[in-house]
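Okay, so here's the structure we're looking at.
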Amino acid sequence: MAKVTIMDHPLIQHKLTFLRNEKTGSMEFRNLVGEIAMLMCYEATRDLPLKEVETKTPVAVAKTKVISGKKLAFVPILRAGLGMVDGVLALVPSARVGHIGLYRDPQTLMPVEYYCKLPADIQEREVIVLDPMLATGGSAIDAITQIKKRSPKEIKFMCIIAAPEGLEALQKAHPDVDIFVGALDDHLNDHGYIVPGLGDAGDRIFGTK
Ligand code: PRP
Ligand code: URA
């Protein structure tokens, strides 16, 4: 079964409080999403393999470590996942970025796919899928199903807020995908919104409501 990591870092918890606040405007909201994504990426990349190299310091030759060439790709789920890209690229600037476009039909809550462009060499890469919200899980499950068709080496999923319903559905559908969650909330309401959540992440990032 997939490993689920729920972030307990004080900086993430602190920033989440401001992110949830209905009075937080788009500019601050965007900044917070980027900062939280960067902090979560630090944890999600904890298992990157290292190799030993020799480095000449001004004093001596030291045996030190560098990341041993594992290639990464970040794949944000449009739109809201875009808000996480700058934060993760700040930590791994050499990563490639793919895009997958999905929106939830407001009536059925089912994901509707409208765009998919992934790096050509995705078979050689570990993919980290980004979306701030995991609600019913439909969007993440569908995005990961599409990405798996292109055979990446490994897939992880990173979200800022998850509902228990979505987390369970994602684990069931993709038991091989490790999941990183900023906060696990209480439940979904009748409209498929996470409670207490933060509202509509895409609208708050892009100021469309
Ligand atoms: C939001 C969010 C996820 C999805 C989560 O996107 O960013 O992609 O809902 O819900 P689910 O787990 O029930 O599928 P939305 O459909 O609002 O599209 P947007 O990012 O374009 O606003
Ligand atoms: N998508 C959002 O942006 N927010 C929710 O609470 C659920 C889905």
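Here are a few things to note about the model shown:
- Solvent-accessible area per residue, Å², over the chain with all protein chains present [probe radius 1.4 Å]: 52 Å²
- Figure note: Val177, Val92 ranked by solvent-accessible area, largest first, 1.4 Å probe, ligands and nucleic acids not counted: Val92, Val177.
- Note on the chain: with neighbouring protein chains present and a 1.4 Å probe, carbon and sulfur make up 55 percent of its accessible heavy-atom surface.
- 5 angstrom amide H check on Ala2, placed H, neighbours 5+ away: Val177
- Whether region 58-133 is rounded, prolate or oblate, judged on the alpha carbon gyration tensor where a/c under 1.5 counts as rounded: prolate
- For region 110-120, backbone phi angles converted through the Karplus equation (6.51, -1.76, 1.60; θ = phi - 60°) give residue-by-residue couplings of 7, x, 10, 8, 10, 7, 8, 9, 10, x, 4 Hz, Gly and Pro being listed as x.
- Under 14 Å, Cβ to Cβ, from Glu52 - net charge with Lys/Arg +1 and Asp/Glu -1: +2
- Centre-to-centre, using Cα atoms only, region 134-209 and region 50-85 are separated by 26 Å.
- For Asp142, the accessible area of its heavy atoms, probed at 1.4 Å with every protein chain present, is near 50 square angstrom.
- Rounded if a/c under 1.5, otherwise prolate or oblate - the chain, Cα gyration tensor axes: prolate
- Across region 192-209, coupling constants 3J(HN,Hα) worked out from phi with the 6.51/-1.76/1.60 Karplus curve, θ = phi - 60°, read x, 8, 6, 10, x, x, 8, x, 8, 4, x, 4, 6, 5, 9, x, 8, 9 Hz, and Gly and Pro carry x.
- Protection proxy ranking of 21-32, 80-91 - average other beta-carbon atoms within 10 Å, highest first: 80-91, 21-32
- Prolate/oblate/rounded call for region 25-79, Cα gyration tensor, a/c under 1.5 rounded: prolate
- Shown in residue order for region 174-188 are the 3J(HN,Hα) couplings computed by the Karplus curve 6.51 cos²θ - 1.76 cosθ + 1.60 at θ = phi - 60°: 9, x, 8, 9, 6, 10, 10, 10, x, 7, 9, 8, 7, 6, 9 Hz (x for Gly and Pro).
- Put simply, the amide H of Cys116, placed in the peptide plane, has neighbours under 5 Å in Gly101, leaving out anything fewer than 5 places away on its chain.
- Excluding same-chain neighbours fewer than eight residues apart, the aspartates and glutamates reachable from Lys149 by a Cα-Cα span under 20 Å are Glu113, Asp121, Glu124, Glu126, Asp131, Asp176, Asp178.
- Estimated dipole of the chain in Debye, rounded to 20 [Cβ of Lys and Arg +1, of Asp and Glu -1, Cα centre]: 780 debye
The values are calculated or read from the model by the stated rules, or taken from the named source; none is laboratory data. Note that the structure is predicted; figures quoted are calculated from it, not measured. Heads up, the Cβs are rebuilt from the backbone with ideal geometry, glycines too, and the neighbour counts pull from every protein chain shown. Surface areas here come from the heavy atoms of the whole protein model, side chains and all, with no ligands, DNA or RNA. Shrake-Rupley method; radii C 1.70, N 1.55, O 1.52, S 1.80 Å.
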